[in-house]
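A short write-up of the structure that comes next.
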Amino acid sequence: MKRMNIKIFCLALCTSLMMSGCTSSGGDESDVTAENNAETSAENVTGTAETSVLVSGTESKKAETGTTAVSGTEVSGNVSGTAKVSDTAKSTEKAKASETTRVPGPPAETGEPAVVPHEGGKPDTYADPGEYGYANDLLCTMARGYYGSRTNHSPEFVEVEGETDGKVNIHLYDLFDGHTSTAAWYYIDRMTGKGTDFLENEIDLTAPPAEMWNPDVPQRSKIEGDKRCAVLYLGYIDTDIETYISNNVSYQELIHQNFSEYNYTWLADMPKQNYVEIPDGNELYLIIPRDDEARVRVGRFDLSREQLIGNVYSSYRGAPFLLRCNVSEIRPDAEIFITDNSGEYPGFSVSLSGKDGSLCESDSYTRLNEDTEGPAG
């Protein structure tokens, strides 16, 4: 390499001298210029030679590194790899840009229209039954109110038992002596609250409650302390209640005579649904609950089995009622349960004293016989 540089330097010097010899100016200045030119040429040639040597070195490396020539330009493998990565990045950027600028297409198919939920769509809130439908528990409450306000009977059980042809089947019933005693069947449209009963009479559970007999009873003011009702013994009975009150002179006098401020004229309008009877009972009582909104149940007690076997009366309101009961003087066969605004009370019975035939005293009720000239005196 040193020899090559010396040869190149000598060649450049000769060329410079020849050129200076051809100029007419001559002199020292020309010599200096020639010498500068020679040095510049030599430096340029040396740089070129060094570059050539470097390129040659690169060429010697080409075989070792696998350099590829592209269109006369030598590109190393690393540069080629970089180009490939750069192309991949550009493709990715184009794809992202394409996704970003994509024109929205038609909305996705939603399938079938939304189905109204089986038991309504808003637990605890059914302000808009037209949209969500009435839930099962609400339908049962409505059915109890509809039936109770028209019969003064509140069945022990009200349950939804399936749906048929888009109608909810509501069963209102009691259990008596191990058997189901059906009060009513209602077939109701969940969306409207309307339908029919098992006799195909049209009914509307959304209708206001029916007017019920529940008179202003002055005797309620005589109920003592925490006692839950007042009781009046009306006398011995050996027939059904309807026949008794139609033919018994003492009873007719009681309901028509206004002999004191605590008269019983309001009894004249008592509906038959307020007559409660234990078959073969021989004692007739008037029961007046303290709370006119109370719920009252009268259970029948089976003397032979010594157990309650079911309800013979279950009121929707706390209106007064007539109770015929007690086949035997040994053990009452009717038990009364009252739930009012003070809570639910234990059951109690009504009966006559074995000593004088008067109404027995009790912590559960106030006796009215001592304060009036009723049929039993």
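Considering only residues in segment 330-345 that are over 38 Å from the mean Cα position of the chain (by Cα) and modelled with pLDDT under 90, the one that is farthest from residue 363 (Cα to Cα) turns out to be 330. In the set (1) at pLDDT 95 or above; (2) surrounded by fewer than 19 Cβ atoms within 10 Å (Cβ to Cβ), the condition left unmet by residue 231 is number (2).
Please verify whether segment 300-315 includes one or more residues that are modelled with pLDDT of 90 or more, open to solvent by less than 40 Å² (accessible area, probe 1.4 Å) and either farther than 26 Å from residue 332 by Cβ or among the aliphatic types (A, V, I, L, M) (or both). No, there is no match, as no residue in segment 300-315 is modelled with pLDDT of 90 or more, open to solvent by less than 40 Å² (accessible area, probe 1.4 Å) and either farther than 26 Å from residue 332 by Cβ or among the aliphatic types (A, V, I, L, M) (or both). For segment 248-287, a tally of residues being among the acidic types (Asp, Glu), under 24 Å from residue 176 (Cα atoms) and open to solvent by 70 Å² or more (accessible area, probe 1.4 Å) returns 1.
When each of 226, 189 is tested for being more than 26 Å from residue 149 (Cβ to Cβ), under 41 Å from the mean Cα position of the chain (by Cα) and touching a residue at least 12 places away in the same chain (Cβ under 8 Å), the lone residue that passes is 226.
Among residues of segment 267-284 that are more than 16 Å from residue 237 (Cβ to Cβ), those with a beta-carbon under 9 Å from a residue that is assigned to a helix (DSSP H, G or I) and β-branched (Val, Ile, Thr) at least six positions away or on a different chain give the pairs 268/255; 273/151.
The values are calculated or read from the model by the stated rules, or taken from the named source; none is laboratory data. Owing to the predicted nature of the structure, the values given are computational and were not obtained by experimental measurement. Backbone-built Cβ (ideal geometry, glycine too); neighbour counts: all protein chains shown. We work out accessible area using only protein heavy atoms, side chains counted, and drop any ligands, DNA or RNA first. Shrake-Rupley method; radii C 1.70, N 1.55, O 1.52, S 1.80 Å.
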